[in-house]
Amino acid sequence: MLPTADRPLAVLASRIRVEEKRLLEELDRRRVPYQVLDSRTLVFRLGAEAPPYSGLLVREVSYNRGLYAARLFEHSGLPVVNDADLIALCGDKLRTALVLNRAGLPIPRTMLALTPGGARTALDGFGYPSVVKPLVGSWGRLAARLTGPDAAEAVLEHRDALPDPLQRITLVQEYIDTGHRDIRVLVFGDRVLGAIYRISEGWRANTRRGARVAPCPLDDEMVELTRRAVAAVGPGALAVDLLEDTEGRYVNEINATPEFTGALAALGEGLAAAYVDHVLQRLDAA
């Protein structure tokens, strides 16, 4: 059902960044009733009446809080954008890689070791340079490029000392030499809105790390690769991150709470309108 005054759209966000400001401004422009919920103060009681909302838009910066809030709203019978299963899948880099690999999509060569020691033993055969990533994480945090055995020894020794057992599970991918840039394609439902280059001084091309953006022309191959990636994980409001080198293109990651601040300048303010279009269509269909 579409939002009404007595059943507004709930927007989950503990931080109001540029993306959330644009989305809330678009909701105001359309006179769509909404209420911002801060995940840090949100409490649910199982068995209680469903929350008085038409649905939930997840814009929570915390992966875990966003995921569990989505599950609780769905348990109450309310539609959620993006839904909990999609958030869980895209938030786990191994699960994403498994799904993309099963769908036959090109991804960087990948291996998983259940301990840092197991990874160290296998890395000589896997090859350098390579990249160690956390299973769950964003903005390139806790990712490290391994240039050889000495770097691997230092990074994996550090990972072995981390207190979280999940961080000791070691995901390794080949390093794709992209010239310090990647491609982010924004997809809302069945609409491929456009793409940007994220260009960095270092090897991690994240706008939160200072990467600059430029428009990226969409060609047929890029659109097809993006659509296949979305078909593999399921539709939603997504950012599909591609890597490109002299050998071709690879699907790197898929983000289920997409940031698009950098894309606004390159692609225009219509991004927020397209995002809201997708949310309202999902609520109406539900």
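Would you mind checking the radius of gyration and Dmax of the chain based on alpha-carbon positions, in Å?
Spelled out, the Cα radius of gyration and Dmax of the chain are 19.7, 61 Å.
Quick one: length gained pulling Leu42 to Met111 fully straight, 0.36 nm per residue minus the C-alpha distance?
Extending this stretch completely gives an extra 21.0 nm.
Return the distance in nm (one decimal) between the two label points of a simple spin-label model at Arg191 and Arg145, each offset 7 Å from Cα along Cα→Cβ.
3.7 nm
So which trypsin sites (Lys or Arg not before Pro) in the range 97-136 are both in a DSSP loop and have at most 16 other Cβ atoms within 10 Å of their Cβ?
Loop-located and lightly packed - Arg109.
Just in the range 20-51: which GluC sites (Glu not before Pro) are loop by DSSP and have at most 12 other Cβ atoms within 10 Å?
The qualifying sites are Glu49.
Tilt of helix 270-285 relative to the longest C-alpha principal axis of the chain, in degrees (0 to 90, nearest 10)?
For 270-285 against the chain, the angle is about 70 degrees.
From the P(r) of the range 9-89, could you give the percentage of C-alpha pairs in the tail past 15 Å?
Within the range 9-89, distances greater than 15 Å cover 54 percent of Cα pairs.
Given a Förster radius of 30 Å and the C-beta distance between Asp92 and Glu49 as r, what FRET efficiency does 1/(1 + (r/R0)^6) yield to the nearest 0.05?
Plugging the Cβ-Cβ distance into 1/(1 + (r/R0)^6) gives 0.40.
Counting only helical runs of four or more DSSP H residues, what would the 222 nm mean residue ellipticity of the chain come to if each run contributes -39,500 (n - 2.57) and the total is spread over all its residues?
Roughly -11000 deg cm²/dmol at 222 nm, from the helical runs in the chain.
Projected area of the range 221-273, taken from the Cα convex hull and averaged over every viewing direction, in nm²?
Result: 4.4 nm².
Who wins for biggest fluctuation among Leu89, Leu42, Leu146 in a Gaussian network model of the chain, springs between alpha carbons below 10 Å?
Leu42
Would you mind getting me the FRET efficiency between Ser76 and Ala161? Use the beta-carbon distance for r and R0 = 41 Å, nearest 0.05.
0.50
What number comes out for the charge environment of Arg71, summing +1 per Lys or Arg and -1 per Asp or Glu over other residues with Cβ under 10 Å away?
In short, -3.
If I stretch the segment between Asn101 and Glu221 completely, what's the gain in nm (0.36 nm per residue apart, minus their alpha carbon distance), one decimal?
Answer, rounded to one decimal: 41.4 nm.
Hand me the GluC sites (Glu not before Pro) from the range 185-286 located in a DSSP loop with no more than 10 other Cβ atoms within 10 Å, in residue order please.
Glu247
Here, each number is a calculation from the coordinates, and none is a lab measurement. Only a predicted model underlies this, so the values are computations on that prediction, with no experimental measurement involved. Every residue, glycine among them, receives a Cβ derived from its backbone with ideal geometry; neighbour counts consider all protein chains shown.
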